[in-house]
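Asker: Take a look at this one; I'll ask things after.
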Amino acid sequence: MLISEKLNTIIRVLLVNHFEGRLDLTLSELAKEANITNGMAKRIALNLERSGYVRIVGRVKLIKPMKLMDAWGYLYSLRELERLEYVLAERPQYAIMKISNWARAKNMNYAFTLFSATEKISPYVSPSNTHIYIRKEDVPEWDKFFKGEGILPIEKEGNIICLIVNDDYFKGIQNIRDVKIVSLPQLYADLMSQEGRGEEAAQELKKLIKENNNKM
């Protein structure tokens, strides 16, 4: 990662809380949500304050959410995450519903991202692949499900890409028509890391986020 995982988590916590209407946090609340020590949360918050993104007066208040989201988008890299890939002959839309139905029945934690997610909130480009966040401890269950459905593993260039992450990545996930997608700030960062059509879709998403933020 171009930034540390702890900073990555703090930024996610601040942005998700802000866009959900929780505009400030105590340092202990920030540390708890980011699953780090109070001391580490304070050091990171102070660095963000020096960069002009937050203000700390008893509580940590994000004062430049769009600028922080932009910075995160340029520093975050989806490509560095551990992944498993599978091949399914059906269209991505079919894969999304099949995966969502199974995961809901099994109460699995997951979230679609990239164009699999934008299709549910602001269609820009039809997905050619299906990208999904899953928890590392759930990998055996997912692998069993895919193989049971005849969805075969492949070393690379699969059309179902499972991105293996910790629970932090699921903060702020949304349920849209029984399909779970990542939080909008996370989706923005993910799209920005793809370049090309990803960056274009990120800018369309940014307009939606900015519009929603202005209503707060």
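The values are calculated or read from the model by the stated rules, or taken from the named source; none is laboratory data. Fair warning: this is a prediction, and the values are worked out from it, not measured in the lab. Here the Cβ is made from the backbone with ideal geometry for all residues, glycine too, and neighbour counts use every protein chain on show.
Asker: List every residue pair whose Cβ atoms lie under 9 Å apart, where the two residues are 6 or more positions apart in sequence or sit on different chains, the first residue falls within region 112-128 and is in the same structural domain as residue 176 (by TED's automatic domain parsing) and surrounded by 24 or more Cβ atoms within 10 Å (Cβ to Cβ), and the second residue, located anywhere, is part of a strand (DSSP E or B) and of a type in the set (Gly, Ala, Ser).
Answerer: Listed by first residue and then by second, the contacts come to 117/111.
Asker: Would you mind finding the one in 199, 195, 211, 157 that is of a type outside the set (A, V, I, L, M), under 21 Å from residue 96 (Cβ atoms) and out of contact with any Lys or Arg (no Cβ under 7 Å at 6 or more places or on another chain)?
Answerer: When all the criteria are applied, what remains is 157.
Asker: Given 191, 163, 208, which one is in contact with an Asp or Glu (Cβ under 8 Å, 6 or more places away or on another chain), part of a helix (DSSP H, G or I) and within 24 Å of residue 11 (Cβ to Cβ)?
Answerer: Sole residue among the options that is in contact with an Asp or Glu (Cβ under 8 Å, 6 or more places away or on another chain), part of a helix (DSSP H, G or I) and within 24 Å of residue 11 (Cβ to Cβ): 191.
Asker: For region 155-178, indicate whether the set of residues that are in contact with a Pro (Cβ under 8 Å, 6 or more places away or on another chain), over 30 Å from residue 23 (Cβ atoms) and in contact (Cβ under 8 Å) with a residue 12 or more places away in the chain is non-empty.
Answerer: yes
Asker: Further question on the same structure: Among the residues of region 52-106, how many are out of contact with any strand residue (DSSP E or B) (no Cβ under 7 Å at 6 or more places or on another chain) and either among the β-branched types (Val, Ile, Thr) or assigned to a strand (DSSP E or B) (or both)?
Answerer: 2
Asker: Does any residue of region 142-152 turn out to be of a type in the set (Gly, Ala, Ser) and surrounded by fewer than 19 Cβ atoms within 10 Å (Cβ to Cβ)?
Answerer: Yes: one or more hits.
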